[in-house]
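Student: Below are the structure tokens for one structure; questions will follow.
The values are calculated or read from the model by the stated rules, or taken from the named source; none is laboratory data. Predicted, not measured: the structure shown is a model, and the values here were computed from it. Virtual Cβ from ideal backbone geometry, glycine too; neighbours counted across all protein chains shown. Each accessible area value is taken on the protein alone, full model and side chains, heavy atoms only, with ligands, DNA and RNA left out. Shrake-Rupley method; radii C 1.70, N 1.55, O 1.52, S 1.80 Å.
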Amino acid sequence: MTKLLSYLGLAMRAGKLVTGDEIVHKALRSGDLQLVIVAGDASENTKKKFRDKCHTYRVPLLIGLDRFAIGASIGKADRVVVGVSDSGFARMMREQLAIMSEVEYIE
């Protein structure tokens, strides 16, 4: 998990991460995202919304971690939804997810 959170921080510093429900949704619609991460403690409505949107736009989705860990890793207050716009960062994160057990859902 620590590596994934480190990758999130690196992506944020590199300007390859978008955060927040509406901004991530807009980036999804415009085809700018390679991976979407939704906190495991997000509401069921939020999880369903992003499952549906990511499926529609064919973007991999991870539901896991918690809002405080995600926020701390990117230097922000708690975050429920983040989107990764760089394919290299997204690939590294997906590879890291393959060995994690804290993940609730990945598509």
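Student: Identify the single condition in (1) open to solvent by less than 60 Å² (accessible area, probe 1.4 Å); (2) outside any loop (DSSP other than H, G, I, E, B); (3) in contact (Cβ under 8 Å) with a residue 12 or more places away in the chain; (4) not basic (Lys, Arg) that Gly88 does not satisfy, given that it satisfies every other one.
Tutor: Only one criterion in (1) open to solvent by less than 60 Å² (accessible area, probe 1.4 Å); (2) outside any loop (DSSP other than H, G, I, E, B); (3) in contact (Cβ under 8 Å) with a residue 12 or more places away in the chain; (4) not basic (Lys, Arg) is unmet by Gly88, namely (3).
Student: Is the stretch 46-63 home to any residue that is in contact with a helix residue (DSSP H, G or I) (Cβ under 6 Å, 6 or more places away or on another chain), part of a helix (DSSP H, G or I) and of a type outside the set (Val, Ile, Thr)?
Tutor: Yes: the stretch 46-63 contains one or more residues that are in contact with a helix residue (DSSP H, G or I) (Cβ under 6 Å, 6 or more places away or on another chain), part of a helix (DSSP H, G or I) and of a type outside the set (Val, Ile, Thr).
Student: On to the next question. Give the number of residues within the stretch 22-36 that are surrounded by fewer than 13 Cβ atoms within 10 Å (Cβ to Cβ) and either of a type in the set (S, T, N, Q) or out of contact with any Phe, Trp or Tyr (no Cβ under 9 Å at 6 or more places or on another chain) (or both). So that I can check it myself, show each step before the final result.
Tutor: Let us first name the residues in the stretch 22-36 that are surrounded by fewer than 13 Cβ atoms within 10 Å (Cβ to Cβ), namely 22, 29-31.
Checking the rest, the ones that are also either of a type in the set (S, T, N, Q) or out of contact with any Phe, Trp or Tyr (no Cβ under 9 Å at 6 or more places or on another chain) (or both) come to 22, 30.
Selection size over the stretch 22-36: 2.
Student: Could you list all residues from the stretch 35-63 that are within 20 Å of Tyr7 (Cα to Cα) and either of a type in the set (A, V, I, L, M) or at pLDDT 95 or above (or both)?
Tutor: Leu35, Val36, Ile37, Val38, Ala39, Val59, Leu61, Leu62, Ile63
Student: Of all residues in the stretch 72-85, which are open to solvent by 20 Å² or more (accessible area, probe 1.4 Å) and assigned to a helix (DSSP H, G or I)?
Tutor: We begin by selecting, within the stretch 72-85, every residue open to solvent by 20 Å² or more (accessible area, probe 1.4 Å); these are 72-73, 75-80, 85.
Across the stretch 72-85, the qualifying residues are Ala72, Ser73.
Student: Follow-up question, since we're still on this one. I want to confirm something. Restricting to the stretch 63-88 and keeping residues that are in contact with a Lys or Arg (Cβ under 8 Å, 6 or more places away or on another chain) and not β-branched (Val, Ile, Thr), which single residue is nearest to Gly40 (Cα to Cα)?
Tutor: Per the criteria, the residue is Arg67.
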